Protein chains: 2
Amino acid sequence: MIVSVIGLGLIGGSLALDLKQRGFASKIIGVDNNPMNAHTAKKINLVDEIQDLKSAISNSHLIVLAIPVDACVQILPDIMDQINHQIVIDLGSTKEQLIASITNHSKRKQYVAAHPMAGTEFSGPQAAQTGLFDGKCAIICNPEDSSKEAVNIIADMFHTLKMRCVYMDSEVHDRQTAYVSHLSHISAFALSLTVLHKEKADKHIFELASGGFDSTVRLAKSSAEMWTPIFQQNKKNVGKVLQKYIDTLQQFKDSIEKDDVDGLNNLINEANDISRVLDQKEKNEQGTVKESVKIRRA
Amino acid sequence: MIVSVIGLGLIGGSLALDLKQRGFASKIIGVDNNPMNAHTAKKINLVDEIQDLKSAISNSHLIVLAIPVDACVQILPDIMDQINHQIVIDLGSTKEQLIASITNHSKRKQYVAAHPMAGTEFSGPQAAQTGLFDGKCAIICNPEDSSKEAVNIIADMFHTLKMRCVYMDSEVHDRQTAYVSHLSHISAFALSLTVLHKEKADKHIFELASGGFDSTVRLAKSSAEMWTPIFQQNKKNVGKVLQKYIDTLQQFKDSIEKDDVDGLNNLINEANDISRVLDQKEKNEQGTVKESVKIRRA
């Protein structure tokens, strides 16, 4: 199968590498509106050749969009207008707005809305790596709106990437990712800003930072180009989740200021239950790919 | 030199291992008021022998306190009463209150207030590991209140642990650790609680969490036994820092809800400057131990 990858950054580049090396794709065509990225991607063999968007669409069987979510919303309807029998998939972090943009398109069934839950804080073609998706979870949204054939091909693609598929309503997806992905990025950005502001007065402050700080703030390296559009498109959910996070921080602040030892112990003991979740996740990722699960509208 | 380590958890156990293996200590005496911990520490060879506190004090040259900061404040004055020529050091995460507890003690000069900036989210003797401190920073507070001999011995000890020493006023220490250590723990605890609460309604929510979430929330495994007393002893600074963090999160929320794209881009671009700090830290930790630096009252 010939696969066109639109957007040759961390996600698109990593996917291209594994689909080719693992035999899912016979050829990878790359498209990137940044000529430097396109050049680099070809040079480091992420893709077999670079083409313009129009040629890439007509010369491939599967078109993968791996670009920021605002760019996705902008070009997906045009791409859908240009396809014949090709299948189109996007890998963006928000789904409702994008799906809404082509709900009534005559070729809607040839599009699959997906989101592989993998990444690093780095970006660009040089950040691409093999095995990025191994053992992680791939979301496929609203599969009933895509053809069975299209969903099967995409599920095969994710299995090639050693991912387990989770089928989910786009509304549930956008709500849940606000909690487990978008919030942790904002918490890291805000942590970074809080300490960087203090650095202006206390210039040696980072001398004292250890591995725990590094781990908590790591996601603050992530780019505005990718994240501003995600927060915008998911603002309803992100706003609500941020308010809950702020309220919880306020509870900590109140307990500390009131010397409420029991309250503070309870909050921390409850938070420790995250061990159960992280240990289970580790097992899942190390173990065999679980059966796919279906999560529908709550 | 015979070293007594009081508290055989992650920090005390790891220190004991390296001081013995690297020849700084000829013998390690362990003390722990939890008999299970004491038994385990002896069994896995963290220490040469277990003694009670009184014997350990009289049988050693150096006494290291590696217990929660509330326990430190409780027993340090008693220990100071019992020493002859021994040197006493504590490794706690807060310093002002502890130092105040023995300011006027006749043997004050035999005590050194220190804080090695290293750790993991795990606790107990089984969590001890060699090399935990390598390349990290060790704070020594108010060195002018300790004898030159005591400070030199402690600096040697930290060099044996391959740490670089930073000399600092206790007031500056407590303010700066509120930013680079205490805040990141609270941000992780609150992130954990926010998502765990949501899990009650959306039981599959953690299916979607990827490595970024894990990294940001990792510190939420840390124990209340250790952290509640730290937040209490440093409540003045922690309260201020938490307010700044909440204000920054509120800025994000406002920018998102008002569709202020430029504002959001500016916040994220500014937060990205953390790359400079993290990359520099990585270099320091990989490179040779830098010269010790002095940071005094701002």
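The values are calculated or read from the model by the stated rules, or taken from the named source; none is laboratory data. The shown structure was predicted, so the numbers you read here are calculated from the model rather than taken from an experiment. Because the Cβ atoms are built from the backbone with ideal geometry, glycine has one as well, and the counts that use them run over all protein chains shown.
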- Message: If I go through segment A:191-217 residue by residue, how many of them are farther than 21 Å from residue B:115 by Cα and surrounded by fewer than 22 Cβ atoms within 10 Å (Cβ to Cβ)?
- Response: 4
- Query: For residue A:217, all conditions in the list (1) at pLDDT 95 or above; (2) more than 19 Å from the chain's Cα centre (by Cα) hold save one; what is the number of the exception?
  - Reply: (2)
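For segment A:251-267, what are the residues that are facing chain B (nearest Cβ under 7 Å) and either crowded, with 16+ Cβ neighbours inside 10 Å or closer than 16 Å to residue B:190 by Cβ (or both)? Walk me through it before giving the result.
Initially, segment A:251-267 is screened for residues facing chain B (nearest Cβ under 7 Å), giving A:252-253, A:256-257, A:259, A:261, A:264-265, A:267.
Answer for segment A:251-267, where residues must be facing chain B (nearest Cβ under 7 Å) and either crowded, with 16+ Cβ neighbours inside 10 Å or closer than 16 Å to residue B:190 by Cβ (or both): A:252, A:253, A:256, A:257, A:261, A:264, A:265, A:267.
Give segment A:159-208 a look and list any residue that's of a type in the set (D, E, K, R) and not in a helix (DSSP H, G or I), or say none. Can you show your working first?
First, pick out the residues of segment A:159-208 that are of a type in the set (D, E, K, R): A:162, A:164, A:169, A:171, A:174-175, A:198-200, A:202-203, A:207.
Answer for segment A:159-208, where residues must be of a type in the set (D, E, K, R) and not in a helix (DSSP H, G or I): A:162, A:164, A:169, A:200, A:202, A:203.
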- Query: Could you count how many residues in segment A:218-240 are crowded, with 19+ Cβ neighbours inside 10 Å and more than 7 Å from every other protein chain (Cβ to nearest Cβ)?
  - Reply: 7
- Item | Residue satisfying condition, being surrounded by 15 or more Cβ atoms within 10 Å (Cβ to Cβ), within 23 Å of residue A:80 (Cβ to Cβ) and more than 22 Å from the chain's Cα centre (by Cα), within set A:50, A:28 | A:50
- Quick one: is residue B:244 outside the structural domain of residue B:92 (by TED's automatic domain parsing), farther than 21 Å from residue A:262 by Cβ and modelled with pLDDT under 95? no
- Message: Considering only residues that are outside any loop (DSSP other than H, G, I, E, B) and closer than 22 Å to residue B:169 by Cβ, which ones fall in segment B:78-99?
- Response: B:80, B:87, B:88, B:89, B:90, B:96, B:97, B:98, B:99
- Please work out if residue A:124 is at positive phi and in contact with a Ser or Thr (Cβ under 9 Å, 6 or more places away or on another chain). yes
- Which pairs do you get when a residue that is at the interface with chain B (Cβ under 8 Å from one of its Cβ atoms), found in segment A:162-178, comes within reach of a residue that is in a helix (DSSP H, G or I) and modelled with pLDDT of 95 or more, reach meaning Cβ atoms under 7 angstrom, with the pair 6+ apart or on two chains? A:175/A:237
- Query: Of the residues that make up segment B:148-158, is at least one crowded, with 21+ Cβ neighbours inside 10 Å, of a type outside the set (Asp, Glu) and in a strand (DSSP E or B)?
  - Reply: no
- Message: Quick check on residue A:12: is it touching a strand residue (DSSP E or B) at 6+ places or on another chain (Cβ under 7 Å), over 13 Å from residue A:86 (Cβ atoms), part of a strand (DSSP E or B) and not acidic (Asp, Glu)?
- Response: no
- Query: What are the residue pairs meeting all of these: first residue in segment B:112-127, first residue assigned by TED's automatic domain parsing to the domain that holds residue B:72 and crowded, with 22+ Cβ neighbours inside 10 Å, second residue outside any strand (DSSP E or B) and among the polar types (S, T, N, Q), Cβ atoms under 6 Å, and 6 or more apart or on different chains?
  - Reply: B:112/B:146; B:117/A:210; B:118/A:210; B:121/B:222; B:125/B:37; B:125/B:40
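Considering each of A:75, A:67, A:102 in turn, give the residue that is within 22 Å of the chain's Cα centre (by Cα), under 19 Å from residue A:229 (Cβ atoms) and assigned to a helix (DSSP H, G or I).
Of the residues listed, the single one that is within 22 Å of the chain's Cα centre (by Cα), under 19 Å from residue A:229 (Cβ atoms) and assigned to a helix (DSSP H, G or I) is A:75.
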- Query: Limited to segment B:165-208, what total is found for residues that are more than 17 Å from the chain's Cα centre (by Cα), over 13 Å from residue A:273 (Cβ atoms) and of a type in the set (Phe, Trp, Tyr)?
  - Reply: 0
- State which residue pairs qualify: first residue at the interface with chain A (Cβ under 7 Å from one of its Cβ atoms) and over 24 Å from residue A:192 (Cβ atoms) and inside segment B:188-212, second residue part of a helix (DSSP H, G or I) and polar (S, T, N, Q) in any location, beta carbons under 7 Å apart, and separation of 6 or more residues or different chains. B:202/A:176; B:205/A:176
- Query: All but one of (1) more than 17 Å from residue B:216 (Cα to Cα); (2) out of contact with any Cys (no Cβ under 7 Å at 6 or more places or on another chain); (3) crowded, with 22+ Cβ neighbours inside 10 Å hold for residue A:182; which doesn't?
  - Reply: (1)
- Task: Provide a single number: the residues in segment A:129-160 that are touching a strand residue (DSSP E or B) at 6+ places or on another chain (Cβ under 7 Å) and at pLDDT 95 or above.
- Result: 14
